[in-house]
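Read through the structure below, which is laid out as structure tokens, and then see the notes.
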Amino acid sequence: MFIKLYSPRLSFVQALLIAGWSIFVSTVLLIVFTVVKPDLKPAPVIDGLSALILFCLSGVLITWQARKYGVEKSGWLGVGGKAMLSVFVLSSLFFGAYLVVHNLT
């Protein structure tokens, strides 16, 4: 949804393909990390850092794929950065609303 919003020249199918590719690659990397993690025994801070890296990688993958469809990066953040930042803000708002509702009941 956000990919299409930030790059209106893409068709819905192109935006869906870009998102699908990013989700696929990120999921594969998450599975690999989950399988390898018990053997590596990383510090607890690595879990949070790996989530941040995976989040940023998704944005980079979206921007790279959008460039293949002719969408150039404008400004500091590309299409992927803007989309992932929007997803982060939206999920933070939902989480904040959940906390407010949960603490009031």
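Name every residue in segment 57-81 that is without any contact (Cβ under 8 Å) to a residue 40 or more places away in the chain and outside any helix (DSSP H, G or I), in order of residue number.
E72, K73, S74, G75, W76, L77, G78, listed by residue number.
Give the residue that is modelled with the lowest pLDDT, with candidates limited to residues of segment 1-49 that are closer than 30 Å to Y69 by Cα and polar (S, T, N, Q).
S7
For segment 35-57, state whether one or more residues are open to solvent by less than 40 Å² (accessible area, probe 1.4 Å), of a type in the set (S, T, N, Q) and under 10 Å from the mean Cα position of the chain (by Cα).
Looking for residues that are open to solvent by less than 40 Å² (accessible area, probe 1.4 Å), of a type in the set (S, T, N, Q) and under 10 Å from the mean Cα position of the chain (by Cα), one finds none in segment 35-57, hence no.
Filter segment 1-28 down to residues that are in a helix (DSSP H, G or I), of a type in the set (S, T, N, Q) and open to solvent by 30 Å² or more (accessible area, probe 1.4 Å), then give me how many there are.
Final tally of qualifying residues: 2.
Enumerate the pairs (first residue in segment 82-101 and among the polar types (S, T, N, Q); second residue anywhere and modelled with pLDDT under 90 and assigned to a helix (DSSP H, G or I)) with beta-carbon separation below 6 Å, excluding pairs fewer than 6 apart on the same chain, so at least 6 apart or on different chains.
Filtered contacts from segment 82-101: S86/F2.
The values are calculated or read from the model by the stated rules, or taken from the named source; none is laboratory data. Note that the coordinates shown come from a computational prediction; the quantities given were computed from them, not determined experimentally. In this analysis, Cβ positions are derived from the backbone assuming ideal geometry, glycine residues included, and neighbour counts consider all displayed protein chains. To get the accessible areas, we keep the full protein, side chains included, count just its heavy atoms, and leave off ligands, DNA and RNA. Shrake-Rupley method; radii C 1.70, N 1.55, O 1.52, S 1.80 Å.
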